[in-house]
1. When residues of segment 93-112 are filtered for being more than 23 Å from Glu50 (Cβ to Cβ), assigned to a helix (DSSP H, G or I) and not basic (Lys, Arg), how many remain?
2. Given the structure, is Pro45 over 27 Å from Gly2 (Cβ atoms) and touching a helix residue (DSSP H, G or I) at 6+ places or on another chain (Cβ under 7 Å)?
3. Among (1) crowded, with 20+ Cβ neighbours inside 10 Å; (2) part of a helix (DSSP H, G or I); (3) among the aliphatic types (A, V, I, L, M); (4) out of contact with any His (no Cβ under 6 Å at 6 or more places or on another chain), which single condition is Ala81 missing?
4. Can you tell me which residue among Arg53, Arg87, Arg109, Arg70 is in contact with a helix residue (DSSP H, G or I) (Cβ under 6 Å, 6 or more places away or on another chain) and of a type in the set (Lys, Arg)?
5. For segment 28-35, state whether one or more residues are of a type in the set (Val, Ile, Thr) and exposed (fewer than 10 other Cβ atoms within 10 Å of the Cβ).
Amino acid sequence: MGRHSRQKGKRGEQEVARRLRAIFGDVVKRGWQAAGPAAPDVDAPFFWVECKRQKRVNIMQALRQASDEREKANDPRTPIAHCQQDREPGTVTMWADDWFEWVEDWKARGER
């Protein structure tokens with residue numbers, strides 16, 4: 001991977017971390033890939049975040065990567081993929097079963 005691609009990925013991770021930090025506070029950090037392959041791109045409460053910022057993003061591959069790495073780390077957080085193709089808004093993808101669990105939890109708490 002070239003320097004330009006690494007820098008683009010780093011900027012994407014920084015942006016996601018910044019936005020989640022505005023919600024959750026200073027507990028949110030960029031992941032440390034130096035810690036090994038089983039580390040999230042963004043270390044945040046509730047979610048194992050895999051970030052992809054590319055010309056063409058394979059969303060399902062990114063979500064599988066988040067799931068596989070989270071499983072290797074034996075981490076209970078919900079895997080999600082934050083993907084952004086060039087000059088497009090970002091998307092967040094999660095498995096439908098995880099989404100339904102979140103919806104059930106929100107309903108049980110009486111949130112609307």
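Here, each number is a calculation from the coordinates, and none is a lab measurement. Treat the numbers as computed from the prediction; the structure is a model and nothing was measured. A quick note on method: Cβ atoms are made from the backbone with ideal geometry, for glycine too, and the neighbour counts reach across all protein chains shown.
1. Taking segment 93-112 first, the residues more than 23 Å from Glu50 (Cβ to Cβ) are 104, 106-112.
Next, only the ones that are assigned to a helix (DSSP H, G or I) stay: 104, 106-108.
Checking the rest, the ones that are also not basic (Lys, Arg) come to 104, 106, 108.
The qualifying residues number 3.
2. Details: over 27 Å from Gly2 (Cβ atoms): yes; touching a helix residue (DSSP H, G or I) at 6+ places or on another chain (Cβ under 7 Å): yes.
Yes; evaluated as a whole, the condition is true for this residue.
3. (2)
4. Numbers: Arg87 fails: in contact with a helix residue (DSSP H, G or I) (Cβ under 6 Å, 6 or more places away or on another chain); Arg109 fails: in contact with a helix residue (DSSP H, G or I) (Cβ under 6 Å, 6 or more places away or on another chain); Arg70 fails: in contact with a helix residue (DSSP H, G or I) (Cβ under 6 Å, 6 or more places away or on another chain).
It is Arg53.
5. Initially, segment 28-35 is screened for residues of a type in the set (Val, Ile, Thr), giving 28.
Narrowing the set further to residues that are exposed (fewer than 10 other Cβ atoms within 10 Å of the Cβ) leaves none.
No, because not a single residue in segment 28-35 is of a type in the set (Val, Ile, Thr) and exposed (fewer than 10 other Cβ atoms within 10 Å of the Cβ).
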